[in-house]
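Q: Once you've had a glance at the structure underneath, I'll fire off some questions.
The values are calculated or read from the model by the stated rules, or taken from the named source; none is laboratory data. Because the structure is predicted, anything quoted here is derived from the model rather than measured. Virtual Cβ from ideal backbone geometry, glycine too; neighbours counted across all protein chains shown. Remember, those area values only see protein heavy atoms, side chains included, never the ligands or the DNA or RNA. Shrake-Rupley method; radii C 1.70, N 1.55, O 1.52, S 1.80 Å.
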Amino acid sequence: MNEMENKASRGSLPPGINDDITSDNVVNTVTLDEPLTVNERVFLFFRIHWKGVLSLIVPLILIPIHISFPSEKYQWCAYTLVLMAIFWITECIPLAVTSFLPIIIFPLTGIMSTTETCSCYMNDTIMMFLGSMMLAYAIEQSGFHMRLALHVIRAVGYSHYRLLFAMCFTTMFVSMWITNTAATTMMVPINFALLQVFEDQNILKIYDIGADGEKVASDITTCYFCAATFSATIGGVGTLVGTATNLVFKGLFSRMYPEAPEYLSFPKFSAFAIPYMLVMEIFLYLYLLVVYLGYLRPNSEAAKKARMTPSGIEAAKIAVNDNLEKLGRITFWEILVIILFISAILLFFCRTPQIFTGWGDIIPLYFDIEDKKFVNDSAAALLIGFLMLLLPSSLKFFENFSAKYYGDLPNKRIPSVLLWEKVNEVMPYSFMFLLGGGFALSNAAKKDYTDLNGKIGTMLRNLKDLPNSLIIFLIIIFTVFTTNFASNVAVCNVITPIVMQLAKEINQNPLWYNVAAGFSSSYALCLPVGTPGNLIVQSAANIPTSKMIKAGVGPSVLTITITWLSVYCWAPVIWPDLLTLPNWIE
């Protein structure tokens, strides 16, 4: 037993301290018998307990927000907003726990009643989130997404250019309908299987040796795995159900401006988002080709490493075919999932398509109801989710009618298309609280409660002299930068209401700035902490943070540029009202 282990075994260190110190090599050059200086004690204390310290001192530091006594309601609302923003960004306490603060603060300060506050945590947007998760988990449980990915790879081809194309666009397409995290996770074993085949053929190396002798992802490995998580992020913006941030900025807009037409319906949203998404994915693909595979640089080292031999191509074919053989023929379960999923998409598109009378338009007309938003997408999502939980995943129950002997009868229950037990284990309920916390903040900031929006707008009026195009560009840059360090949903919750109020104060349509901030909050492409998909590929492939930053800087610049051009030029084509100030703004 060495000296450090011996010292720890005698109880000289508090529980947990030894692991934290040794893991970061804080005391590699000293022995534990040496006395600690005051500075060292302070450093170790804050290094280990910084989250607790932050959660204690931030509420105290923010007290000056209450500049008058007794405090005005808008000051309490601002205090809650800043406190939650800091807690969300630093994650010093869990994101969902931070989201409970409005339920505590708003009733105690007279802003909103407990009933009004709690109603923000269960509404149409949150139920739509729940329904979209059910659709996504049904696809995952059936395994259809894996079959789809392998078939696309086999159809596209096996050179690096073609494989990367298949990886990027398959992940993008899948991520339009299931969570970004799930789409990224799906590609991890596929990437490893193909890269292992190429390594066995001496075409490439999956890992390089780092400075300390550890295995780190090679450039080609970094390319494939970052392509997966970046494509999943981009694919998530393509439809309303692609990622939670889409539902957040739609929900924030509808709550702040309930009289506005349904600009962010499924068809309108997709009409803007799908072309925009495809352009971003194309540029991401080209960027990865140039940087990692030597496209347009035939004599570069990257181009030499990307050359594929005929034996390598043949081995990749065999690997993909083997995986498809393991999956077997398409199952009744997968077929039923496809039918139900397509039904859900058709219901979304045909509810209020605005180019013909949809089923969501017929119902209020039939019952003589004036509210045109009487039926929303959550009804369709949960209808399909209910059917998935109800319908069987196989036709074995017919054996009950054809069996001649007791031994021919099925001996166990037939699982449903969507297994609730598994869904209940993985459903991100904490995100529902996160959404609700943002909606509660948005509601409290209205003129009817605290008019915090009006106060913020007054402070931001000085920006009215700047060109609208520049303001949109600054919003996008700030949001993309911030979302790399914090939860996408939290960033969207904080920034979107502020920029909508800014738009109102400088006589611009709030929907314009809502769309700019809402889409931008998804693009955490540089840091592992920005999104779970980045963490998954970093841990799976041992990608150093420096390599991920290098891979993500270019796509981040591209997404900022393309988002700015799309929001400023393409969005007014889809929503002509962006160029006007409609009556619903008041």
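Q: So how far, in whole Å, is the C-alpha centre of the stretch 203-225 from the one of the stretch 272-339?
A: A separation of 19 Å, based on Cα centres.
Q: At E259 and K550, where each label point lies 7 Å from the Cα along Cα→Cβ, what is the point-to-point distance in nanometres?
A: Inter-label distance under the simple model: 5.6 nm.
Q: Kindly point out which whole DSSP H helices in the chain project their C-alpha atoms 24 angstrom or further along the helix axis while averaging a Kyte-Doolittle hydropathy of 0.5 or above.
A: 38-61, 73-90, 124-142, 180-200, 219-236, 266-293, 332-350, 488-505, 545-565
Q: To continue, here is another question. Assuming 0.36 nm per residue, please report the length gained on full extension of the stretch R162 to F367 beyond their Cα-Cα distance.
A: Stretched out fully, the R162 to F367 stretch lengthens by 68.4 nm.
Q: Another one. Treating the beta-carbon of each Lys and Arg as +1 and of each Asp and Glu as -1, no other charges, what is the dipole magnitude of the chain about its Cα centre, to the nearest 20 debye?
A: Roughly 780 debye, rounded to the nearest 20.
Q: Could you list the residues of the stretch 556-586 with an amide nitrogen less than 20 Å from a label point located 7 Å from the Cα of K464 in the Cα-to-C-beta direction?
A: In the stretch 556-586, the label zone of K464 (backbone N under 20 Å from the point 7 Å along Cα→Cβ) covers 578-586.
Q: Something else now. Taking the Cα centroid of the stretch 434-500 and of the stretch 372-397, what is the distance between the two, rounded to the nearest whole Å?
A: Using only Cα atoms, the two centres lie 35 Å from each other.
Q: In addition: Sort 220-228, 512-520, 47-55, 257-265 by packing, meaning the average of other beta carbons within 10 Å per residue, with the highest value first.
A: Top to bottom by mean Cβ count within 10 Å: 512-520, 220-228, 257-265, 47-55.
Q: OK, next. Would you mind working out the accessible area per residue for the stretch 236-286, using a 1.4 Å probe, and quoting it in Å²?
A: Counting only protein heavy atoms, the per-residue value for the stretch 236-286 is 25 Å².
Q: Quickly work out the T357-to-F43 label distance, labels modelled 7 Å from Cα along the C-beta direction, and quote it in nm with one decimal.
A: Here the answer is 7.5 nm between the modelled labels.
Q: Could you pull out the pairs from K268/K372; K215/K422; K51/K447; K215/K547 whose alpha carbons sit more than 24 Å apart here?
A: The pairs that break the limit, which is 24 Å between Cα atoms, are K215/K422; K51/K447.
Q: Continuing with this model, one more query. Any idea what the dipole of the stretch 195-344 comes to, in debye rounded to 20, about its Cα centre with Lys/Arg Cβ at +1 and Asp/Glu Cβ at -1?
A: Dipole size: approximately 300 debye.
Q: Follow-up. Could you list which residues have their amide H under 5 Å from that of A217, counting only those 5 or more apart in sequence or on another chain, with H placed in the peptide plane?
A: The list, which skips near neighbours in sequence, is D208, I543.
Q: Turning to a different aspect of this structure: Could you work out how much longer the chain between N507 and K404 gets when fully extended? Use 0.36 nm per residue separation minus the Cα distance between them, nm to one decimal.
A: Here the segment from N507 to K404 would lengthen by 29.4 nm.
Q: Another question, if that's okay. For the chain, which whole percent of the accessible surface, found with a 1.4 angstrom probe, sits on carbon and sulfur atoms?
A: Carbon and sulfur: 64 percent of the exposed surface of the chain.
Q: Taking the Cα centre of the chain as the origin and placing charges on Cβ (Lys, Arg +1; Asp, Glu -1), which of I362, A503, N583 is farthest toward the positive end of the dipole?
A: I362
Q: Per-residue counts of other Cβ atoms within 10 Å, averaged by peptide: what ranking do you get for 467-477, 299-309, highest first?
A: Final packing ranking: 467-477, 299-309.
Q: Something else about it: Which of rounded, prolate or oblate describes the stretch 303-342 when judged by the alpha-carbon gyration tensor and an a/c cut-off of 1.5?
A: oblate
Q: Taking a 1.4 Å probe, which of D577, D212 shows the most accessible area, and what order do the others take after it?
A: Order by accessible area, largest first: D212, D577.
Q: Further question on the same structure: Could you sort I335, I414, I234 by accessible area so the largest value comes first, with the probe set to 1.4 Å?
A: I335, I414, I234
Q: Sticking with this structure for a sec: Relative to 2.2 N^0.38 Å, what does the C-alpha radius of gyration of the stretch 142-276 come to as a ratio? Two decimals please.
A: 1.30
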